[in-house]
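Read through the structure below, which is laid out as structure tokens, and then see the notes.
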Amino acid sequence: MKLNSTVAAVTERIIERSADTRKAYLAQIDALAQRKPGVERMGCANVAHSFAAMPSDDKFKVVMERAPNVGIVTAYNDMLSAHAPYQHFPDVIKTEARKHGATAQVAGGVPAMCDGITQGMPGMELSLFSRDVIAMSTAVSLSHDVFDAALMLGVCDKIVPGLLIGALHFGHLPTVFVPAGPMTTGLANSEKSHMRVLAAEGKVGRKELLETESKAYHGQGTCTFYGTANSNQMLLEAMGLHVPGSAFINPGNSFREELTREALRTVLGITKGQAFTPIGRLVDERCIVNAMVALLATGGSTNHLIHWVAVARAAGISINWDDFCSLSDVVPLVARVYPNGEADVNAFQEAGGPGYVIREMLDNGLMHEDVLTVRPNGMREFTGIPAMENNKLVWNVAGPTPDDSVVRPATAPFSQNGGIKVMRGNLGRSVIKISAVPTDLHIIEAPAKVFDSQEALLAAFAAGELDHDVICVVRWQGPHANGMPELHKLTPPLKALQSKGFDVALVTDGRMSGASGKIPAAIHVSPEAAAGGPLAKVRDGDLIRLDAINGELNVLIDATEWAAREPARMPQAQRSANSMGIGRELFSGLRHNVTSAEEGACTWL
């Protein structure tokens, strides 16, 4: 299938834009890849320290026989449902490595925090920056420089982008990502969401709400909605960095462990010889475009318009929101997974999952097929769905979907365009996830109500001050101001207002991860208010027009008056509150140095 002309054009302009930085990056990783193995170039004391804790047989293999040594970087902790399954993965990997004449070591651990726990809490202001902390932790883990390859064990929101950024800074190493899978289906996400609205309206109490939440979040694995965590897994499949089809196999599934063993076999297969495939070579401009297409085709998390800009930069590649916007014009929406539909990720997997989506994109010229992956047969392997037959892993190519309410062919999609759009106007640049927003709500024009914090909005809602058509502007929520927290706590009250028949929208320089659902939400507004962005000029009563059809976000004020208006300053009390307590003092340097959301919110440039 001939590559779509827009996909080709976007790829070409990314290649041209990135020419110098990509060339420098490849020269650096190629030089590192050509060195002798660590045990040959290091001093005896260094080598002895490196392998002192290894069992004698493993030590002999790696030191005397020069066996491949695989570094494991893990996000395991037993507090978070998504990462608890990783507890025994290293033992499984080490055992499998020995079977193949190799060794493996846990190189290090990275922190993993859960936005679901910190929503609306001070700890959420560490969330976005935890990505770069994870990247640095990955670098520290691999800094002992004795590894021939690496396995990355992580799943959730900032963890996968952080591991990937860190891995790309060790781009000379072949690397495979090892997922743990989603939890089994509990209470339907739509029922959970409805109960949250009832709670916001005061119609149910804490006891009933907690029972509901506990039925939804009930066991090991990622949350079952299609948020950032599960979008991560879809993107890694589209980049060819997983064992094919391993993203959404539940932790308790009988062959989850075999997929983990296959990850070790896969990374060994690309570690030496003609098949040598370091991650820095694999993640090229075409690979990044494939990830962007997968995000748009599935209506994935808006967080990736931040994270994948940073990921690309780590590989010497420059992408921007306009690239996403151009691709969104031609990439059809072929999946409806909550919050874009009723299905959860388990139903998505049963309907065909990543294999189905990737096949549809390849067959319709919307993804690059001629790319490197961690597998010998390229992207076509990622159209397969894994299964165990006669105690052996096999992959069955995705056929027609058994449920076209969840996934559809690219020729008969849910929408002809991707689920994410870039907004432009005198309020700056922002993004909106429209895949879940009814078409009659794609344009909202209403007076502004300005809030300096999400707590202020919640208080106004509780006091009945928002019972009218309104566009809520929540500012001082960007990376510089307070680390750009997600504002999921705002969704239930805004839905409650919408259910009363009011025209409601949200405009913010904070994040929502697409969890705004049916609420039109222009998020990631850049430049942010704390950096002198136009949200600092908005006043209560200003008429704002949010037009997701034409991608426009404007305050409807005379241009001369708007230009002359003095921007507000972030309240000092709020600035102080955002910088103290729950470890936030330690992140002050990151807030000071961070780039804008559109530049990837990077703290390491």
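One table, with the values for the structure above:
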| quantity | calculated |
| --- | --- |
| The one condition in (1) within 27 Å of the chain's Cα centre (by Cα); (2) over 28 Å from Ala310 (Cβ atoms); (3) free of Cβ contacts under 8 Å to residues at least 60 places away in the same chain that Asp469 fails to fulfil | (1) |
| Scan of the stretch 255-281 for residues that are in contact with a strand residue (DSSP E or B) (Cβ under 7 Å, 6 or more places away or on another chain) and not hydrophobic (A, V, I, L, M, F, W, C), ordered by number | Glu258, Thr260, Glu262, Thr266, Thr271 |
| Qualifying positions in the stretch 425-451 - in contact with a strand residue (DSSP E or B) (Cβ under 8 Å, 6 or more places away or on another chain), over 10 Å from Pro520 (Cβ atoms), at pLDDT 90 or above and outside any strand (DSSP E or B) | Asn426, Leu427 |
| Failed criterion for Met121 (all others in (1) modelled with pLDDT under 95; (2) surrounded by 24 or more Cβ atoms within 10 Å (Cβ to Cβ) hold) | (2) |
| Odd one out for Thr595 among (1) surrounded by fewer than 12 Cβ atoms within 10 Å (Cβ to Cβ); (2) in contact with a Cys (Cβ under 8 Å, 6 or more places away or on another chain) | (1) |
| Residues satisfying the stated conditions in the stretch 1-37, i.e. of a type in the set (Gly, Ala, Ser) and within 30 Å of Lys61 (Cβ to Cβ) | Ala31, Ala33 |
| Some residue of the stretch 326-333 being assigned to a helix (DSSP H, G or I), closer than 28 Å to Asn189 by Cβ and touching a residue at least 24 places away in the same chain (Cβ under 8 Å) | yes |
| Yes/no for Val334 being in contact with a Leu (Cβ under 8 Å, 6 or more places away or on another chain) and within 19 Å of Pro409 (Cβ to Cβ) | no |
| When residues of the stretch 410-446 are limited to those that are in contact with a Leu (Cβ under 6 Å, 6 or more places away or on another chain) and over 21 Å from Thr298 (Cα atoms), the one surrounded by the fewest Cβ atoms within 10 Å (Cβ to Cβ) | Gly425 |
| Members of the stretch 410-424 found to be within 13 Å of Pro520 (Cα to Cα), in a loop (DSSP other than H, G, I, E, B) and of a type in the set (A, V, I, L, M, F, W, C), listed by number | none |
| Test: Gly101 is farther than 24 Å from Gly589 by Cβ, of a type outside the set (A, V, I, L, M, F, W, C) and either modelled with pLDDT of 95 or more or over 18 Å from the mean Cα position of the chain (by Cα) (or both) | yes |
| Condition met for Val334 (at pLDDT 95 or above, buried (at least 24 other Cβ atoms within 10 Å of the Cβ), more than 30 Å from Cys602 (Cα to Cα) and outside the structural domain of Arg17 (by TED's automatic domain parsing)) | no |
| Complete set of residues in the stretch 499-509 that are within 22 Å of Val555 (Cβ to Cβ) and modelled with pLDDT under 95 | none |
| Failed item, numbered, when Ala27 is tested on (1) of a type outside the set (Asp, Glu); (2) assigned by TED's automatic domain parsing to the domain that holds Ala263; (3) over 23 Å from Pro174 (Cβ atoms) | (3) |
| Single unsatisfied condition, Gln349 versus (1) closer than 25 Å to Thr11 by Cβ; (2) of a type outside the set (A, V, I, L, M, F, W, C); (3) under 22 Å from the mean Cα position of the chain (by Cα); (4) surrounded by 20 or more Cβ atoms within 10 Å (Cβ to Cβ) | (1) |
| In the stretch 510-550, the residues that are under 17 Å from Ile444 (Cβ atoms), of a type in the set (S, T, N, Q) and within 25 Å of the chain's Cα centre (by Cα) | Ser516 |
| Subset of the stretch 49-62 (residues that are within 26 Å of His169 (Cα to Cα), out of contact with any Ser or Thr (no Cβ under 9 Å at 6 or more places or on another chain) and of a type outside the set (S, T, N, Q)) | His49 |
| Ile93 being surrounded by 12 or more Cβ atoms within 10 Å (Cβ to Cβ) and touching a Lys or Arg at 6+ places or on another chain (Cβ under 8 Å) | yes |
| Test: residue in the stretch 283-297 that is in contact with a strand residue (DSSP E or B) (Cβ under 9 Å, 6 or more places away or on another chain), over 30 Å from Ala27 (Cβ atoms) and part of a helix (DSSP H, G or I) | yes |
| Checklist (1) modelled with pLDDT of 95 or more; (2) assigned by TED's automatic domain parsing to the domain that holds Ser328 applied to Asn390, failing item | (1) |
| Selection count, the stretch 163-172, where residues are surrounded by 24 or more Cβ atoms within 10 Å (Cβ to Cβ) and within 10 Å of Leu142 (Cα to Cα) | 2 |
| Filter result (in contact (Cβ under 8 Å) with a residue 60 or more places away in the chain and either of a type in the set (Ser, Thr, Tyr) or farther than 30 Å from Ser318 by Cα (or both)) within the stretch 7-46 | Thr11, Ser18, Thr21, Tyr25, Pro37, Gly38, Val39, Met42 |
| Qualifying residue in the stretch 452-461 (condition: assigned to a strand (DSSP E or B) and not acidic (Asp, Glu)) | no |
| Residue in the stretch 212-226 that is modelled with pLDDT under 95 and closer than 30 Å to Asp329 by Cβ present | yes |
| From Val176, Val146, Val160, residue being surrounded by 24 or more Cβ atoms within 10 Å (Cβ to Cβ) and within 30 Å of Arg66 (Cβ to Cβ) | Val176 |
| Helices (runs of 4 or more DSSP H) (entirely within the stretch 177-271) containing at least 2 residues that are of a type in the set (Lys, Arg), within 30 Å of Met361 (Cα to Cα) and not assigned by TED's automatic domain parsing to the domain that holds Glu465 | 256-269 |
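Okay, residues lined up against (1) in contact with a Lys or Arg (Cβ under 7 Å, 6 or more places away or on another chain); (2) modelled with pLDDT under 90; (3) not β-branched (Val, Ile, Thr):
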{"residue": "Lys158", "(1), (2), (3)": "yes, no, yes"}
{"residue": "Ser193", "(1), (2), (3)": "no, yes, yes"}
{"residue": "Val197", "(1), (2), (3)": "yes, yes, no"}
{"residue": "Val204", "(1), (2), (3)": "no, no, no"}
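The values are calculated or read from the model by the stated rules, or taken from the named source; none is laboratory data. Remember, predicted model here, so these are calculated numbers, not experimental data. As a convention, Cβ positions derive from the backbone with ideal geometry for all residues, glycine included, and neighbour counts pool all protein chains shown.
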